[in-house]
Amino acid sequence: CSLSLSLSGGHHHEGLLRRCHQFAAAAAAVAVDDSVGEGERVAEVSGKPTLAALPQRRGKIKFRIHGLDLSDERWVQVSDKIHEAEKVIAPEEPQPVMGECNLVTEEILNLKEDDDPSPLLAKWVDLLRPKKVDWLALLDRVHQGNPAIYFKVAELVLSEESFQTAIGDYSKLIDAYAEANRVDDAERIYQRMTEKGIKADIQILVILLKMYCNTGILDRAKEAFESLRSQGFRPGRKTYMSMIVTYVNAGLPKAAEALVREMEAKDIKPTIQTYMVLLEAFAQRGLVDHAQRMFNNMQFSGFQPDLEACTLLLEAYGHAGDPDQARHSFDFILKAGHKPDDRCVASMIAAYEKKNLLDKALDLLLNMEKDGLKPGIATYTVLVDWLGRLLLVDEVEQLLDNIAELGDAPFHINLSLCDMYARSGINSKAMMFLEKLEGRMELLSTQQFERVIIGLIAGGFTEDANRVHDAMQAHGFSSSESVRIALASDQVTRQRPTASR
């Protein structure tokens with residue numbers, strides 16, 4: 001720049017030039033200082049004091065790149081969002097664990113299930129001053145190296161301020177407890193979360209629903225299911241299937257069928273497994289109308305019934321005491337090109353047994369044998385039960401030989417044999433098969449318990465009948481009025497028969 005000077009003399013001119021020269025030298029020294037590096041001092045120029053800093057800028061700095069004013073405050077928010085995104089893309093690494101802190105970590109990993117990890121965790125915190133990423137790394141090591149202590153450590157970590165506990169952390173622990181079927185612990189963590197004012201999200205409710213369905217807690221499953229709906233969750237096939245199976249296992253197949261109709265109304269096509277679960281449930285209960293409807297709906301949905309589905313429908317009519325419709329289903333199996341297996345034939349024979357149609361059963365077996373189909377263990381077992389009720393001991397024992405040639409007899413054949421031998425007054429064999437039953441009474445149903453009791457009473461085995469009745473009650477079953485009357489009757493023989501075979 002140019003200076004307009006009014007000089008009155010040579011001395012004034014010389015002094016001004018000297019001051020300009022000093023200012024230029026000082027500015028050059030500052031530039032050298034910046035290029036040398038931080039922390040170094042500028043040497044004095046010509047023995048005179050140097051300038052320590054440039055004059056401070058006044059006003060706001062403007063940054064423009066390709067026409068964008070980057071000095072605007074909104075770009076600060078953009079920068080923050082980019083920073084957060086970088087944390088997701090390139091998450092923060094945990095601190096290196098060394099020295100004494102590493103020794104404490106090893107002690108945590110070597111804790112026993114009954115030990116209290118609190119003191120070691122407190123020491124670990126003092127040494128490391130952890131952030132959340134450090135906690136997560138520790139939890140991962142504990143989960144892999146010492147699963148027995150994982151749940152204790154995880155629960156304690158939830159209370160740590162530096163862990164910055166979020167709903168996802170509760171969700172992870174609840175899910176871990178749910179996978180282990182530890183319902184009480186999962187509910188306790190859920191309660192702890194709600195007490196902190198954190199409302200369950202859809203992910204947690206789905207975890208709870210799955211847990212309750214897997215453990216068969218129907219009421220809680222229904223609550224979780226309705227809570228999901230209230231939050232706008234639209235159940236899919238998998239969720240519906242879980243609820244359907246839970247209803248079926250709770251003995252409520254009709255309620256499960258209502259969910260199938262709801263699926264169909266929402267254009268959610270049930271799977272073949274869904275239809276089969278309900279068809280089996282209705283078949284076991286002899287609910288032929290519902291079973292037939294499931295069978296028909298399966299076909300309307302484009303699923304061709306296989307041998308198992310046809311056999312289930314046959315069994316439904318058999319349990320309902322309708323051998324004619326059962327035979328109609330059996331003939332349908334043949335027309336559909338399926339080859340009846342041992343279970344299918346046994347189910348048809350059992351349907352005839354309901355009405356004691358022995359001639360038709362034998363005729364069916366003869367026809368099947370002509371077609372090259374021989375009875376299997378399941379069919380022989382049904383015949384043992386049927387002929388045993390008729391007290392045809394010799395014929396039953398011949399069937400037992402046939403079963404022995406094919407393999408092991410099912411456990412429940414002991415029930416038929418105990419009943420037959422007791423009614424026949426064959427002491428030793430009745431007691432032999434009763435002993436086998438008493439060794440696994442947890443497998444017996446109410447009806448099976450009562451059959452054993454009635455058979456023992458009929459054979460005069462009063463003390464044994466009372467013992468089995470006590471075992472029945474111990475297993476949580478209540479006897480029918482007919483059994484109680486039979487046990488209390490004065491007409492029951494008080495002594496065991498001594499006949500032997």
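Only residues that are exposed (fewer than 13 other Cβ atoms within 10 Å of the Cβ) and among the aromatic types (Phe, Trp, Tyr): list them for region 108-125, please.
Scanning region 108-125 gives no hits.
Looking at region 188-206, I want the residues that are under 16 Å from Ser242 (Cβ atoms) and have a partner that is among the polar types (S, T, N, Q) and assigned to a loop (DSSP other than H, G, I, E, B) with Cβ atoms under 9 Å, at least 6 apart or on another chain. Which pairs are those?
Ile202/Gln231; Leu205/Gln231
Based on this model, can you work out whether Leu173 counts as aliphatic (A, V, I, L, M) and under 19 Å from Lys131 (Cβ atoms)? Let's see the steps before the verdict.
On the way: aliphatic (A, V, I, L, M): yes; under 19 Å from Lys131 (Cβ atoms): no.
No, not satisfied.
All but one of (1) farther than 21 Å from Tyr170 by Cβ; (2) modelled with pLDDT of 95 or more; (3) of a type in the set (Lys, Arg) hold for Arg229; which doesn't?
Every listed condition holds for Arg229 apart from (2).
The values are calculated or read from the model by the stated rules, or taken from the named source; none is laboratory data. A quick note: this is a predicted structure, and the numbers were derived from the prediction, not measured. Please note: Cβ atoms are built from the backbone with ideal geometry, for glycine as well, and neighbour counts cover all protein chains shown.
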